Every structure is written in structure tokens, then in C-alpha cells.
Amino acid sequence: MKNRKPQIIKNQKEFFNENATYEKPILSSSFFLEYVNKEQVDGFRWLGDAKSILDYGCGTGTTIEAFSKVNTVDSYTFIGVDIAEMAIKKVKLNFPNDFFFHIENNKIPLLSDDSVDGAYLLHVLHHSYEHQEIFQVIHEKLKKGGKFLLNDLSSNNPFVKLSRSIFLFLPSFIKQRFADDLVVDGSIPDKYKVNSDEVVSTLREVGFTVEEIGYGHLFLFLFAWFDRFIPLSNYRVIRVLYSALGRFEQTLLKYSFFQKYAEVFYIKCKK
């Protein structure tokens, strides 16, 4: 009898190699795409004057595609690195004019120190342990004054914690609705705890100057999940309601209590 795939895959490299072979469908709701990605969009605009950019954890190139919706990618040189060989093979086909390397042990030996204008690390920390090593490598590769954008998941949002626990027991037809996310045949990768205060402290220890810390999403992403089954965001009156809820979220996130429970955080810093 064929071995059943575990519901949570501990081996990150194994998961992302398999994940790279899947074609990801696009979410139908542009409202939630724009809202969920607004921190990244703002960060990509901030990186707009960096002509050579290190994409640490590039995957199959979805972050470069997102960057292209903000800036004209032909004006930039991307150097992407990832632990998944299959992802690197695929991203090379998608972006043949840029440079991509499979890496081990967080090192990038084929990239010279002090060689890139900017770097970003998007949703990588909760799949890795050696955060200080990663930050140190990025710091070494950046030119003096180079910009570094970090965006990741917090570990404290109660809705995310609950939904992740429930997801494992959901029937397949529901799991299939999340095929655009990190789901492979109903399995998800193991996720490690990330504390934004500890991340900021580690960045400073490495030598970065932190310019801005921000937080996003408390509860509105729950409506995005529901929208996958009943796309209410197609109706203008509902989008108006969602926009109002988004503004309410942003008001709450001005306070430290709610920042602690945000789903995501971002950090902008310089070498």
C-alpha cells in the first residue's frame, strides 16, 4: 500500500521542490489580492531606486512577478536564490535574463560582497531557523546604503493559529480551494514561530539600520478565505463594506496591543 503523505511536511526543501512543480491558480478577487499584498507593494516602491536586487527565497519567481506590477522589471537585475532546485529550474525559464542560484547553508558564494543595491526577504523566516545567518549574508552582499525589505508572518494571530489547526481536518474539496497557497495535495509545510521584536533586534545586531516597522491584517483575511467559496467581493456594496473594515483594521494597528496580534509585519532597513 502506498505511504500516505503527512499532513504537515517537516522537510522544507522537500516541500518547496514539490510545490515548485505545481501551477498556481490566481485568486479571482482583485480586492483581496490588492489588500493582502499592500505591504509588499509599498515595499517594492521603496526599493524602486535599487537597480540590482537580491531576491532571497525567490521560489518560482512569483515575487518578481509582483514586483513587475509596481516597477518595470526590465530596468532591474534580479539575483534570486533558493533552497529548492526545482524552483530554480523553473524561475530560470520564466526570467531568462536574470541570475538564479540554488544555495545550501544560507550562503551565496557565486555573488560578490557589496554588489547589490537592494534585497528583499518575503515570507521566508517562518520556514527557516538560521535568521541571523541569513541576515548576515544579505548584509554582506548589499552595497553600503543598500536597502533591505523584510515581510513575514507573525506567530501570534489567533485566527491563523486556529485555522491552521482546523485545516488539517478539512475535506479535500475545501483544501483544493487553497491551491494558490502553500498547499500540495492537502499537505502544508511546517511553520516556525517568528517574533517581530526578536527579528528587529537581530537585524540591528548584524549591522542594519532599521528605518520603519509596520504591521498588517488582523481579521479581514478571514473574509478573503470565505470569498473563495462565495465571492461576495464581486459586488460593489460588499467591497465598500470590506474597505471600511480594512480602515478599521488599520486604525487598530496603530496601537501596540493589536500590533502584537497582526498576521504580518514588515521592516525596512539599510546597510
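Computed from the coordinates by the stated procedures, all read-outs in this text should not be read as laboratory data. Just so it is clear, the structure is predicted and the values come from calculations on it, not from any experiment. Cβ sites come from the backbone with ideal geometry, for glycine too, and all protein chains shown count toward neighbours.
A Gaussian network model of the chain, with springs between Cα atoms under 10 Å, assigns the largest mean-square fluctuation among 155, 187, 201 to 201. Across region 225-234, computed HN-Hα scalar couplings (Karplus, 6.51 cos²θ - 1.76 cosθ + 1.60, θ = phi - 60°) run 5, 4, 5, 5, 9, 10, x, 5, 5, 6 Hz from first to last residue, x flagging Gly and Pro.
Percent of Cα-Cα pairs per 10 Å bin, from 0 to the last occupied bin, for the chain, please list those. Each 10 Å bin holds this share of Cα pairs: 6, 28, 37, 23, 5, 0. Kirkwood hydrodynamic radius computed over region 164-246 comes to 16.2 Å, based on all pairs of distinct alpha carbons. Calculated mean residue ellipticity at 222 nm for the chain: -11000 deg cm²/dmol, from DSSP H runs with n ≥ 4 weighted as -39500 (n - 2.57), summed, divided by the residue count and rounded to 500. Note on the chain: dipole from Cβ charges, positive end direction compared against 235, 36, 189; the farthest Cα belongs to 235. Which residue, 91, 214, 258, has the largest displacement toward the positive end of the dipole of the chain when charges sit on each Cβ (Lys, Arg +1; Asp, Glu -1)? Farthest towards the positive end: 258. Distance from the Cα centroid of region 132-166 to that of region 26-93 is 15 Å (rounded to whole angstrom).
Each Lys and Arg Cβ is given +1 and each Asp and Glu Cβ -1; about its Cα centre, the chain then shows a dipole of about 680 debye. With springs connecting C-alpha atoms under 10 Å apart, model the chain as a Gaussian network and identify which of 242, 255, 120 has the largest mean-square fluctuation. Most flexible of the set in this elastic network: 255. Spin-label pair residue 247-residue 168: with each label point 7 Å from Cα along the Cα-Cβ axis, the two points sit 4.1 nm from one another. With an a/c value of 1.5 or above and a/b not larger than b/c for the gyration tensor axes a ≥ b ≥ c computed over the alpha-carbon atoms, region 27-67 is described as oblate. Computed from the Cα positions only, the extents of region 107-173 along the three principal axes stand at 49, 22, 21 Å, in decreasing order. Summarising the amide proton neighbourhood of residue 9: residues at separation of 5 or more, or on other chains, whose placed amide H is nearer than 5 Å comprise 188, 190.
List the relative contact order of region 8-270 as a percent without decimals, with contacts defined as Cα pairs under 8 Å and 6+ residues apart.
Over region 8-270, the number comes to 23 percent.
Once you've got the Cα coordinates, tell me which of 13/143; 38/260; 38/143 are over 21 Å apart. Violating the 21 Å Cα-Cα cut-off are 13/143; 38/143. Largest GNM mean-square fluctuation across 223, 101, 15, computed for the chain with C-alpha springs under 10 Å, falls on 223.
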